[in-house]
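Worksheet for the structure shown next.
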Amino acid sequence: MLLSEVFPLEFIKYDLKGINKNEIFEEMVDHFCRITRKNVKEDVLAALHEREGLLSTGVNHGIAVPHGKTSAIDSIFGILGVSKHGIDYDAPDGKPVYLVFMIIEPPVKAETHLHIIQLMAKFLRKPSFYNDIINAQNEKEIYSVIKSHENQFPLCI
């Protein structure tokens, strides 16, 4: 699975409006439910909040990777959100978050989730990947950045 398959174009949300973690979760899950036409908002939000209650999924340097498991869905989904103004996220470095890589999955896909996190970590270690996404102006440009970096750094799970 390529990063572009985890975060396909339709699951990219440019210019998030929320200013804190809860608002961002709502906004991104609403986007997910609208695209998939699945009525699973409460289940997904509960899964995200449950995981977030253990430890913040803010990972420093303006990035967060919220994730959760719910039996309300039958396959893994990634939703990428970009904030231009920054999100108060309780990240360990105390700084705002600008990129949110949300992953939701059924309970039986734990290994896939770990592989996706490892794959994302490899991409996010490249400052150019982060900068190119931040500087993109819309969802199509963000998706092009993902595809371009895959071509330069072909990793899959």
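The values are calculated or read from the model by the stated rules, or taken from the named source; none is laboratory data. Just so we're clear, the structure is a prediction, and the values are computed from it rather than from any experiment. Cβ atoms come from the backbone with ideal geometry, glycine included; neighbour counts cover every protein chain shown.
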Only one of (1) touching a Leu at 6+ places or on another chain (Cβ under 6 Å); (2) assigned to a helix (DSSP H, G or I) does not apply to Ile116, and that is (1)
When the range 115-144 is checked residue by residue, the ones that are in contact with a helix residue (DSSP H, G or I) (Cβ under 8 Å, 6 or more places away or on another chain) and at pLDDT 95 or above are Asp132, Ile133, Ala136, Glu139, Lys140, Ile142, Tyr143
Among the residues of the range 1-40, the number that are touching a Lys or Arg at 6+ places or on another chain (Cβ under 9 Å) and either among the charged types (D, E, K, R) or at positive phi (or both) is 5
Given (1) surrounded by 13 or more Cβ atoms within 10 Å (Cβ to Cβ); (2) within 16 Å of Pro8 (Cα to Cα), Asn138 misses just (1)
Of the residues in the range 15-48, those that are in a loop (DSSP other than H, G, I, E, B), over 22 Å from Ala136 (Cα atoms) and without any contact (Cβ under 8 Å) to a residue 12 or more places away in the chain come to Arg37, Asn39
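For Gly68, indicate whether it is in contact with a helix residue (DSSP H, G or I) (Cβ under 9 Å, 6 or more places away or on another chain) and modelled with pLDDT under 95.
On the way: in contact with a helix residue (DSSP H, G or I) (Cβ under 9 Å, 6 or more places away or on another chain): yes; modelled with pLDDT under 95: yes.
For Gly68, the condition - in contact with a helix residue (DSSP H, G or I) (Cβ under 9 Å, 6 or more places away or on another chain) and modelled with pLDDT under 95 - is met.
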Among the residues of the range 1-35, the number that are surrounded by fewer than 20 Cβ atoms within 10 Å (Cβ to Cβ) and out of contact with any helix residue (DSSP H, G or I) (no Cβ under 9 Å at 6 or more places or on another chain) is 7
Across (1) within 23 Å of Ala46 (Cβ to Cβ); (2) surrounded by 12 or more Cβ atoms within 10 Å (Cβ to Cβ), Pro107 clears everything bar (2)
The correct count of residues that are assigned to a strand (DSSP E or B), more than 12 Å from the chain's Cα centre (by Cα) and surrounded by 23 or more Cβ atoms within 10 Å (Cβ to Cβ) in the range 84-102 is 1
